[in-house]
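Contents: one structure, followed by commentary.
Read-outs throughout are calculated quantities, based only on the coordinates presented, and are distinct from any laboratory measurement. In this text the structure is predicted, and so the values were computed from the model without any measurement. Positions of Cβ are generated from backbone atoms using ideal geometry, with glycine treated the same way; all protein chains shown enter the neighbour counts.
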């Protein structure tokens, strides 16, 4: 019984699973602690690991220490030797973190922290007598979830953070149900009165700055191509990343590749805007979005570039955003700035706030939609270019053959590039007459067939 009492986290202690944080005041160091299994003598001992992180107070560890605890918890998990009792929510959460969040999600530490809040909340519920033991799936109901949300709001977090923490219960339960671990997943409501997300769009000034940043470095030039296509076509981001040169025919871009079945997220056929046309000339066969991978030549010692098809552009796009100044200071769950240590190689001596880019490649799609509406383009043309058209007749298969197909759309796109041109020339691959070019004829002329 004594051992069981020792394993229960005291009120105020930050704990995740079998690990908790302990502040060593004499060294200003947060340690990760746990109970080792009893050795040959049967004595249970406490293990400790220094995080090298100081600050905070004994009952309020800094976010860096909490992240270190979450990382240690994730790294410590080993494949289960026996099936967990899936009726217990905490067991499902732990299994979800190990088998789904850690290998598949971009920020598993964030989810581990949210799970830690749930575990702390469940402990409070047991102390209050509202739970008689570790919660089972049957214990999850709307009243319990709403108490958790109120508990998090009372701790001073924003509704968005409370909503994200709520997802750390919803997602494991849905995952367990989809994997036939539980018969059904209870409904987990989102927080009430949560402010809706603001749809971010880039201004003309930001578009110009983004293109300037992309064209400043060879290994970021593919982001310039991405921006040009996205803002000239209203195409879906995945369709742009998968676009190949054989989908450029005549003066049209066929975003749906030959042989690919159209889905609910339709891929459109869009005319090539005059400003975009030069960017699509002289491309090597294959993927249109290709990046230049830098490498140092063993022979000359100089940096050379290998052209490779671009997969994910998330990191490169983020670098361009930061270089363009389209950024903000990252904050933690409590709204406090996240600080980074000085970079000794750069001669820095002071800590600096961590900056994150505003938006993502998908923000380009929101941006062109806004610009088209602002310029009064007919809704039908905007929907057609975006792949939102719901026509059920043969018109949708042949209307792209009409000379005036998406005429207002292209005029608005060129008007946008005219505005950008007042701030930069980065949108111009080179100076040329602005007229629609038959890209198919141009490619045939450049690359005659052999034999």
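Observations on the model:
- When the convex hull of its Cα atoms is projected in every direction, mean area for region 204-446 (nm²): 17.6 nm²
- Arranged from fewest to most other beta-carbon atoms within 10 Å of their beta carbon, 181, 93 become 181, 93.
- Legend: Rg and Dmax of region 159-238, from Cα coordinates, 20.4, 55 Å.
- Fewest-first ranking of 204, 43, 109, using other Cβ atoms within 10 Å as the exposure measure: 43, 204, 109
- Alpha-carbon centroid distance for the pair region 196-228 / region 86-125, whole angstrom: 36 Å
- For region 235-370, the Kirkwood hydrodynamic radius comes to 18.6 Å, computed from all pairs of different C-alpha atoms.
- Taking a ≥ b ≥ c as the square roots of the eigenvalues of the alpha carbon gyration tensor, region 78-190 is oblate, as a/c is not under 1.5 and a/b does not beat b/c.
- Taking other C-beta atoms within 10 Å as the exposure proxy, 157, 377, 338 rank 338, 157, 377 from fewest upward.
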